[in-house]
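Let me begin by presenting the structure, written as structure tokens, before commenting on it.
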Amino acid sequence: MASVSNAAPAHLAGLLSTRGRDLPKPRIGDPRQAADIISFVFGFPDRETLPAASIAEATKRAMEKDGDWALQYGKDTGTPALVDALRGKLARDQGIVAARENVMLTSGGSQACQLVLDFLVDPGDTVIVESPTWMGFLYMVNNLKANAVGVPVDDEGTDVVELERTLARLKSEGVTPKLIYIIPNFQNPMGVSTTLERRQRIVELAQEYGTIVLEDDAYHDLRYAGEPIPPIQTLDTSGSVWYTGTFSKIVGPGMRLGWLVAPAEVITQMSVL
């Protein structure tokens, strides 16, 4: 019986795709191998806060009540009962009123971002990002061979004056950015939140320049003081702001549960990507 080889075949380099050749180095190993180290690579929740017992109890109930379907293939956009529970949470906590057809459950917020990029972006296209921003999103943009154009972040969030200048400059060059990627609450890595006035301006600029805002609100529920600021999505009536979030920061990242809220037509098309 032969063991699996550790080395790739010598001819593999000639078979790799462009994306395969340009992949970054692995970012992390098994965090359990260094349990006494606080890693800043990912947003690891405190292990003592993870609701392992509650998850085990809920899993047992689900298996006993509906196990034959719980282990089956499911609806492309997510289990309707979970979608409805999420819709209730979004309405209560974020002020986002969404129908079932506006919501897709994803494998974490990362998959929601990747689906949006796959849906909108071709190699050579332009994406506007905050500078600095979450490195994971930049990896996705780079893997698609798209161009990331940065807009600075200050203590009030996304610099909308620079955003407008950037959009105007790109327009003069004949470029329409496919999307503007914004982390509005407790921005990664800066930690600031974009003000309400700036959020309103972001919506106006997206509509004026004919692009999409991808609002990554992964940290919405991590507020310890002050009043929540309405999501950018709630300020838009044109369908130009698509909203993603995740349970990774509030339940457990290992569950890989996130969501995308977008126009029903978009969700329908994206469900077959």
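If you go through the range 214-239 and pick out every residue that is within 16 Å of the chain's Cα centre (by Cα) and of a type outside the set (A, V, I, L, M), you end up with 8. Inspection of the range 199-213 identifies no residue that is loosely packed, with under 15 Cβ neighbours inside 10 Å, over 21 Å from the mean Cα position of the chain (by Cα) and aromatic (Phe, Trp, Tyr).
This table checks each residue for (1) among the aromatic types (Phe, Trp, Tyr); (2) over 28 Å from residue 79 (Cα atoms); (3) surrounded by fewer than 20 Cβ atoms within 10 Å (Cβ to Cβ).
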{"site": "187", "(1), (2), (3)": "no, yes, no"}
{"site": "190", "(1), (2), (3)": "no, yes, yes"}
{"site": "227", "(1), (2), (3)": "no, yes, yes"}
{"site": "273", "(1), (2), (3)": "no, no, yes"}
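Against the list (1) surrounded by fewer than 23 Cβ atoms within 10 Å (Cβ to Cβ); (2) touching a residue at least 24 places away in the same chain (Cβ under 8 Å); (3) within 18 Å of the chain's Cα centre (by Cα), the condition residue 181 fails is (1).
Of all residues in the range 177-189, those satisfying the criterion of being part of a loop (DSSP other than H, G, I, E, B), at pLDDT 95 or above and not polar (S, T, N, Q) are 177, 178, 183, 184, 186. The set of residues in the range 235-261 being open to solvent by 40 Å² or more (accessible area, probe 1.4 Å) and in contact with a Lys or Arg (Cβ under 9 Å, 6 or more places away or on another chain) consists of 235 alone.
Using the structure shown, decide if residue 243 is touching a strand residue (DSSP E or B) at 6+ places or on another chain (Cβ under 8 Å), of a type in the set (Phe, Trp, Tyr) and at pLDDT 95 or above. So residue 243 passes the test. Within the range 120-176, the set of residues being under 19 Å from the mean Cα position of the chain (by Cα), hydrophobic (A, V, I, L, M, F, W, C) and not in a strand (DSSP E or B) comprises 120, 121, 134, 135, 137, 138, 140, 141, 144, 146.
Within the range 165-174, is even one residue open to solvent by less than 40 Å² (accessible area, probe 1.4 Å), of a type in the set (Val, Ile, Thr) and in contact with a helix residue (DSSP H, G or I) (Cβ under 8 Å, 6 or more places away or on another chain)? Taking every residue of the range 165-174 in turn, none turns out to be open to solvent by less than 40 Å² (accessible area, probe 1.4 Å), of a type in the set (Val, Ile, Thr) and in contact with a helix residue (DSSP H, G or I) (Cβ under 8 Å, 6 or more places away or on another chain). Identify the single condition in (1) touching a residue at least 12 places away in the same chain (Cβ under 8 Å); (2) within 27 Å of residue 265 (Cα to Cα) that residue 133 does not satisfy, given that it satisfies every other one. For residue 133, the failing item is (2).
The C-beta contact set for the range 216-239 (first residue outside any loop (DSSP other than H, G, I, E, B), second residue open to solvent by 60 Å² or more (accessible area, probe 1.4 Å), distance under 8 angstrom, 6+ apart or interchain) comprises 235/200.
Scanning the range 32-41 for residues that are open to solvent by less than 80 Å² (accessible area, probe 1.4 Å) and modelled with pLDDT of 65 or more yields 39, 41. Within the range 86-111, the set of residues being open to solvent by 20 Å² or more (accessible area, probe 1.4 Å) and part of a strand (DSSP E or B) comprises 105 only.
The values are calculated or read from the model by the stated rules, or taken from the named source; none is laboratory data. Keep in mind it's a predicted model, so treat the numbers as computed, not measured. Glycine gets a Cβ as well: all are built from the backbone with ideal geometry, and neighbour counts include every protein chain shown. Please note that ligands, DNA and RNA were not included when accessible areas were found on the heavy atoms of the full protein model with its side chains. Shrake-Rupley method; radii C 1.70, N 1.55, O 1.52, S 1.80 Å.
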